[in-house]
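K.L.:
To start, I am sharing the structure in question, which I have written as structure tokens.
Derivation of every value follows stated rules applied to the coordinates shown; laboratory data play no part. Everything numeric here is computed off the predicted structure, so don't read it as measured data. Note: ideal-geometry Cβ built from the backbone for every residue, glycine included; neighbour counts use all protein chains shown.
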Ligand SMILES: [Zn+2]
């Protein structure tokens, strides 16, 4: 059985690898991501290599083995299922669920995960709109673009996810009632600052800065 810390390393390495398009992950990137010293990363990488969860070559970096990848995806699956449960069934806001799921994801009972998944009706996306890996570790892919790539006025769009999941950002979106599933209509786009004046769910009108529009993911 893996310790919580070992699981967190595998998750971090997986996450960095995803952003790196699958390239080897350097140990100092891992220590920056986890906020730990280079020495403890070296120790842990050695430990995980001994357990065959990854391979490590000096100056080249770390690559997860099949087993390491499977474990990371399983963690991601548990994390996102718990977030969905907390949000849909226990009434937690989407800005609250991540921290709790960080703890709950370490419960390693497959029976619990499978029952949770079935109880929730096998959801494909979590409250932030991120895809939930299935039991085999595959995701549901869909086309998606950020709001700020839209230039046409008058278009009606459906929000499906957020790129930025900072608590403060999610609270800001709560205030203007923007969340996945919302229908956005672009009323105008600022010529100078490229801000987006939008109508949400055919009701409220609000102005989003270009930066905020960059964090909103919509169906193309
Ligand atoms: Zn999360």
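K.L.:
Once you've got the GNM for the chain with C-alpha springs shorter than 10 Å, pick whichever of 188, 31, 40 has the biggest mean-square fluctuation.
P.N.:
Highest fluctuation of the listed residues: 40.
K.L.:
Next up: If you take the C-alpha gyration tensor of the range 145-218, multiply each eigenvalue by 5 and take the square root, what semi-axes do you get, largest first, in whole Å? Show your work: numbers first, answer last.
P.N.:
Numbers: eigenvalues 59, 36, 26 Å².
Semi-axis lengths for the range 145-218 are 17, 13, 11 Å.
K.L.:
At a 10 Å Cβ-Cβ cut-off, how would you order 19, 1, fewest neighbours first?
P.N.:
1, 19
K.L.:
Order by neighbour count: 210, 125, fewest other Cβ atoms within 10 Å first, most last. Don't skip to the end; give the middle numbers.
P.N.:
Values: 210 14, 125 17.
Taking fewest neighbouring Cβ atoms as first place, the list is 210, 125.
K.L.:
In Å, what Rg and Dmax follow from the Cα atoms of the chain?
P.N.:
Radius of gyration, then largest Cα-Cα span, for the chain: 19.7, 58 Å.
K.L.:
If one takes the longest principal axis of the Cα atoms in the chain, at what angle in degrees, from 0 to 90 and to the nearest 10, does the Cα axis of helix 110-119 lie?
P.N.:
Computed tilt is about 20 degrees.
K.L.:
Roughly how many nanometres apart are two label points built 7 Å out from the Cα toward the Cβ at residue 209 and residue 23?
P.N.:
3.0
K.L.:
Would you look at the GNM of the chain, springs on alpha carbons closer than 10 Å, and say which of 209, 36, 27 moves the most?
P.N.:
36
K.L.:
What residues of the range 159-198 lie in the reach of a label at residue 146, counting those whose backbone N is under 11 Å from a point 7 Å from the Cα along Cα→Cβ?
P.N.:
Of the residues in the range 159-198, 163-164 have backbone N under 11 Å from the label point off residue 146.
K.L.:
Sticking with this structure for a sec: What is the fewest-to-most order of 102, 215 by other Cβ atoms lying within 10 Å of their Cβ? Present the calculation step by step, with values, prior to reporting the outcome.
P.N.:
Details: 102 15, 215 19.
Arranged by neighbour count, lowest to highest, 102, 215 become 102, 215.
K.L.:
Now for a different question. Multiply the residue gap between residue 52 and residue 70 by 0.36 nm, knock off their C-alpha separation, and tell me the result in nm, one decimal place.
P.N.:
5.3 nm
K.L.:
When the chain is treated as a GNM, springs tying every alpha-carbon pair under 10 Å, which of 197, 111, 171 comes out with the largest mean-square fluctuation?
P.N.:
So, out of 197, 111, 171, the one fluctuating most is 111.
K.L.:
How much length is gained if the chain between residue 122 and residue 15 is pulled fully straight, taking 0.36 nm per residue apart and subtracting their Cα-Cα distance, in nm to one decimal?
P.N.:
Details: separation 107, 0.36 × 107 = 38.52 nm, distance 2.32 nm.
Result for the pair: 36.2 nm of gain on full extension.
K.L.:
Between residue 109 and residue 90, what length comes free when the chain is fully extended (0.36 nm per residue of separation minus the Cα-Cα distance, one decimal in nm)? Please report the intermediate quantities before stating the final value.
P.N.:
Numbers: separation 19, 0.36 × 19 = 6.84 nm, distance 2.08 nm.
That pair, residue 109 and residue 90, stretches by 4.8 nm at full extension.
K.L.:
If I take every Cα pair under 8 Å that is 6 or more residues apart in the range 145-218, average their sequence separation and divide by the length, what percent do I get for the relative contact order? Display every interim value, and only then the final one.
P.N.:
Values: 131 pairs, mean separation 29.9, N = 74.
Here the relative contact order equals 40 percent.
K.L.:
Suppose a student asked you for the relative contact order of the range 1-89, using Cα pairs under 8 Å spaced at least 6 residues apart; what percent would you report? It would help to have the intermediate numbers written out before the result.
P.N.:
Numbers: 82 pairs, mean separation 27.0, N = 89.
That works out to 30 percent.
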